[in-house]
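Below is one structure, written out as structure tokens, with a few remarks after it.
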């Protein structure tokens, strides 16, 4: 049976797994204590629940529970990880290397660091969305303290060569931070095998609640420290003050446990659906896959449908299908996705892109429906697209003199 | 952002999608916008040579729902008007009719520009002086 509306925006957020919600509920009304209250059972219960969740979270990424700092989410984790290293290691240097398809939480944090007098190198990515390792190594200076490269990209789903990056970082005695938001819970991430020193991730991208995340901070080989960005009661080993969000953390822990148990079966099912969707939509004339086909998350597909505009395309089915587009027709700048532009896509292709993010509850019926709706709308809009007509007449659109707005 | 019902209706049932024969002297064509900006509108008018009345109008648009609706509405308004009346169509009346939010006002500006460009193309073909317009303010 076809379940409507279809949700295919799992890179933006995921629904809470009902098992997660169930685990959280007692911590709102019964075991509501402050995990920092050391002198009564309410506090003890809360602390015990947080400790258990910390183990669940740590286990998913192969870390020690002591290496998990709970945060409000990945934006905070990105800020704490990057600014915290910049401040803590100021005596060693002030240079950071990142890349131009990072999430805004990383890019804007790096901009902040530049205003603070730090130096930041923004590596360009190759047309497949991956960084060039030689360029990375060449960018390292004596003052470099941190390499901040995402694990997987939120728009195109490409997975960076994390182990190669960490090997380069190790070789030069530079710390490696990664924004693991899109990868953790979806693909195996192991902080030791992957050589990660610091990693931000969040619950709501893996069927947990919003408003809770974690920063992994390595304690051995090397022992990493970050300067707190929020001062207060010295919670989380002094790295992140603030009363712990106990129900959120419990839910996060449960979400991690479920991801760990079900990752293999979820992935096997989702990748089949993703490939079915992708193969069908790439049969539409003048459609192109964005980002590396192989080095990619199993649930993501980003496709440009040339000669139709993304937002107009979404409007054809957004009552029934939730998707996002690389077009930014609503933004004041009218600039399309900077990620797609960084791949070298022209603005026209960037404006014409759709991002499909499948998830735990996506069904085959929903995928069949999506294929039919998207392909149908593309064809309908092309019938009313002057660009499609010109393309069909053999006019090279690059030679047309456009009245620029 | 939610679209108004009128925008949705024009998007789902666009009026006057198509192409007129641009080799005819009675047909004026305006092509405005650019693919990089995510909006391209082509608007055409066919003028009855005896009466000076626009007897047909067609459009094709690459763009968001508001751009499609703005051009669809423009073609409806153009039909039956004289060329002189058509010049007076103001983008703000399109904004009001379609209830466009501020971020979509540029779609209506584009439609107004397309009308003017089509009229000037028609005038040029028929040996008339091209009209001078002030640059649209909202871009």
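What follows is calculated from the coordinates using simple rules that are stated; it is not laboratory data. Because the structure is predicted, anything quoted here is derived from the model rather than measured. Glycine also receives a Cβ, built like all others from the backbone with ideal geometry; neighbour counts cover every protein chain displayed.
Just a few scattered comments:
- Subtracting the Cα-Cα distance of residue A:279 and residue A:135 from their residue separation scaled by 0.36 nm leaves 48.5 nm.
- Among B:67, B:34, B:118, residue whose mean-square fluctuation peaks in a GNM of chain B (springs only between Cα atoms under 10 Å): B:34
- Annotation for the range B:77-139 versus the range A:98-141: alpha-carbon center distance of 45 Å.
- Linear extension gain, residue A:243 paired with residue A:163, 0.36 nm per residue minus alpha-carbon span: 25.3 nm
- Full-extension gain in nm, residue A:379 to residue A:12, via 0.36 nm per residue minus C-alpha separation: 129.4 nm
- Relative to the dominant Cα principal axis of chain A, helix A:74-88 is inclined by about 60°.
- Distance histogram in 5 Å bins (all Cα pairs of the range A:5-153, percent per bin): 2, 7, 12, 15, 15, 14, 12, 10, 8, 4, 2, 0
- On Cα atoms only, tilt of A:162-171 relative to the major axis of chain A in degrees: 50
- Site pair residue A:143 and residue A:319 shows an inter-label distance of 5.9 nm when each label is modelled 7 Å from Cα along Cα→Cβ.
- For a modelled paramagnetic label at residue A:265, 7 Å from Cα along Cα-to-Cβ, no residue of the range A:1-42 is in reach, as no backbone nitrogen comes under 11 Å.
- The angle separating the long axis of helix B:105-125 from the principal Cα axis of greatest extent in chain B is about 10 degrees.
- The range B:1-75 versus the range A:316-387: alpha-carbon centroid distance in Å: 23
- Centre separation in Å (Cα based) which lies between the range A:205-284 and the range A:142-157: 17
- Model label sites at residue B:85 and residue A:289, defined 7 Å from Cα along the beta-carbon direction, differ in position by 5.6 nm.
- For chain A, the alpha carbon convex hull comes to 153 Å³ per residue, rounded to a whole number.
- Nitroxide proxy distance, nm - points 7 Å out along Cα→Cβ at residue A:116 and residue A:21: 4.0
- Put simply, the range B:5-125 fits an ellipsoid with semi-axes of 23, 14, 13 Å; these come from the alpha carbon gyration tensor as the roots of five times its eigenvalues, largest first.
- Selected from A:160, A:315, A:260 as most flexible by GNM, with chain A as the system and alpha-carbon contacts under 10 Å: A:315
- Volume per residue for the range A:235-381 equals 177 cubic angstrom (convex hull of Cα atoms).
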